[in-house]
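Here's the structure, in structure tokens; my notes come after.
The values are calculated or read from the model by the stated rules, or taken from the named source; none is laboratory data. No experiment lies behind these values; they were computed from the predicted model shown. Here Cβ is always computed from backbone atoms with ideal geometry, including for glycine, and neighbour counts include all displayed protein chains. For accessibility, only protein heavy atoms count, side chains too; no ligands or nucleic acids. Shrake-Rupley method; radii C 1.70, N 1.55, O 1.52, S 1.80 Å.
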Amino acid sequence: VELFETAARYTDRLPYESVAGFAAHLAAQQIPGDTLATGAAQTDTVAVLSAHASKGLEWDLVCVANVQEGSWPDLRRRGSLLGSESLVEVLAGRDAAGVSLVAPQLAEERRLFYVAVTRARTRVVVSAVSGDEEQPSRFLDEIDPVDDDRPLAAVPRGVHLPGLVAELRSVACDPDAPDHDRGEAAGALARLAAAGVAGAHPEHWWGLAGLSDDGPVADPGAPVSVSPSKIDAYLRCEVRALLSDLGATDGDLISASLGTVVHAVAAEAPADAGAEELERLLDARWNTLDFGAQWHATNERKRATGILAKLVDWLRSSRADLELVAVEEAFCVDIGDARLRGRVDRLERDTAGRLVVIDLKTGKSKPRPGELDRHPQLGAYQLAVEHGAFAAGTVSGGARLVQLASAGEAEQRQGALGESDDPGWIEAEVARVAARLRGSEFTATVSADCRRCDVKACCPLQPDGQQVPT
């Protein structure tokens, strides 16, 4: 109720007549972050997607946002590392020096904008903002020509919590604002802070927050969540693994997206699917990927075809000793102080009735043969099997990596844990990672991986990460 009254005082237009209506609107603002995982199709929802991904689809209402100069059209040069555009002009017998490189890009951006606005059956809304650093796109004049300056619409203040907190903070900190308004804003922030609203308390404002405390990373009241895919990273360098988990790096999003699409195709494909069926499934998803330059998209499409061909070959050759149990099977099992959770690409059963975990890899690197016996991710999958993570059984028959993008043999095998000289090695490693996450100190390790580390700026062992005394 207090939040509703506060919003009413500090918002020009509040289109809600009741606290319940306002609360429903606030709940609708809690939009979860996007992931690369492919979700199931839903109805009666708002689709948020790129113009590339909208090709071939239609809606009654389409909103095209951020139609700004510099963003749409985006005339930055792409695919010009080797000057391929000039080579095309020379081979075509045209004067490459006299050809504008901007014109083809502008035409491509105009076609993409046309695709976006024509997705609407009934109504299309195009929005842009005008300010000191941003101007509406020239495309607005093409779909809605005006003789004079384009009139600007008055935009009401938002009624979502972050916007309300920002408005209150700006009033409370403005020395030129009336004392009454500053006092009211400070009081409202105090009530919001007492309710636990993020950003309301001055301790959380930028520049005023204290140093991080020395408390443990993991929640003391719950088991430590450990992902099989992250165990090896923590064993190699705890600082790099922790910072990556906390979002310090973006990673190769294009490669990750391609890998996600390939995994989705592998999961959806029928057991006896051939290369043509997999190619059809891949084509249905290909428009969801944006590679920036056309030459890059063409190259990745050829690479994807090779990956699918290798997948088909492995599926056919592996049916002699494996039977499919499940695909994309999630699991969660407590092992000591660790909660081992994740998802396996394929769960198979061998001729002896044991479960075998299959992990499909679309990266270009792969472990050496001598590293497979102690491969942490495969070992963690086997450990989960033996601790009852899957209803299909508790006896592990090993685990396998299927390298779909690397040269050489596709399959790399890890023997069953029960047949190992030290069956408890992976449980000890999981316990070690969980124990480190229970604490607040993490070790940075120097190795060959430091050359391609993407968190050097935060590493105390690297010149980029060492503090400069003042």
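Observations
- Sole residue being touching a helix residue (DSSP H, G or I) at 6+ places or on another chain (Cβ under 9 Å), without any contact (Cβ under 8 Å) to a residue 12 or more places away in the chain, of a type in the set (A, V, I, L, M, F, W, C) and not in a helix (DSSP H, G or I), chosen from A198, A177, A193: A177
- Test: residue in the stretch 229-241 that is among the small types (G, A, S), open to solvent by 20 Å² or more (accessible area, probe 1.4 Å) and either at pLDDT 85 or above or in contact with a strand residue (DSSP E or B) (Cβ under 6 Å, 6 or more places away or on another chain) (or both): yes
- There is at least one residue in the stretch 136-145 that is modelled with pLDDT under 90 and exposed (fewer than 11 other Cβ atoms within 10 Å of the Cβ).
- Qualifying positions in the stretch 380-419 - part of a loop (DSSP other than H, G, I, E, B) and touching a helix residue (DSSP H, G or I) at 6+ places or on another chain (Cβ under 8 Å): F390, G393, T394, V395, L404, A405, A410, G415, A416
- Of the residues making up the stretch 46-62, those that are assigned to a loop (DSSP other than H, G, I, E, B), touching a residue at least 40 places away in the same chain (Cβ under 8 Å) and within 17 Å of S127 (Cα to Cα) are L49, S50, A51.
- Across the stretch 344-379, the number of residues qualifying as in contact (Cβ under 8 Å) with a residue 40 or more places away in the chain and either part of a loop (DSSP other than H, G, I, E, B) or acidic (D, E) (or both) comes to 14.
- Restricting attention to the stretch 135-163, the residues being assigned to a helix (DSSP H, G or I) and in contact with a Leu (Cβ under 8 Å, 6 or more places away or on another chain) number 1.
- Scanning the stretch 388-400 for residues that are open to solvent by less than 40 Å² (accessible area, probe 1.4 Å) and of a type outside the set (G, A, S) yields a total of 2.
- Answer residue from the stretch 401-419, given it is more than 30 Å from D219 (Cβ to Cβ) and of a type in the set (A, V, I, L, M) and is most open to solvent (accessible area, probe 1.4 Å) among those: A407
- Output for the stretch 254-288, where each listed residue is in contact (Cβ under 8 Å) with a residue 12 or more places away in the chain and of a type in the set (D, E): E268, E279
- Tally of residues being assigned to a loop (DSSP other than H, G, I, E, B) and open to solvent by 60 Å² or more (accessible area, probe 1.4 Å) across the stretch 315-335: 2
- Test: residue in the stretch 290-311 that is open to solvent by 30 Å² or more (accessible area, probe 1.4 Å), modelled with pLDDT of 85 or more, touching a Pro at 6+ places or on another chain (Cβ under 9 Å) and closer than 30 Å to A51 by Cβ: no
- Lone qualifier among V99, V67, V90 - being modelled with pLDDT of 75 or more and either closer than 30 Å to D345 by Cβ or of a type in the set (A, V, I, L, M) (or both): V67
- Considering the stretch 344-387, the residues that are open to solvent by 70 Å² or more (accessible area, probe 1.4 Å) and of a type in the set (S, T, Y) include one that is modelled with the highest pLDDT, namely T351.
- Which listed residue is among the acidic types (D, E), open to solvent by 60 Å² or more (accessible area, probe 1.4 Å), farther than 27 Å from D313 by Cα and in a helix (DSSP H, G or I), from D422, D464, D449: D464
- Residue that is surrounded by the fewest Cβ atoms within 10 Å (Cβ to Cβ), among those in the stretch 109-134 that are in a helix (DSSP H, G or I), charged (D, E, K, R) and more than 27 Å from the chain's Cα centre (by Cα): R111
- The stretch 289-335, residues that are without any contact (Cβ under 8 Å) to a residue 24 or more places away in the chain and more than 30 Å from G398 (Cβ to Cβ): A297, T298, N299, R301, K302
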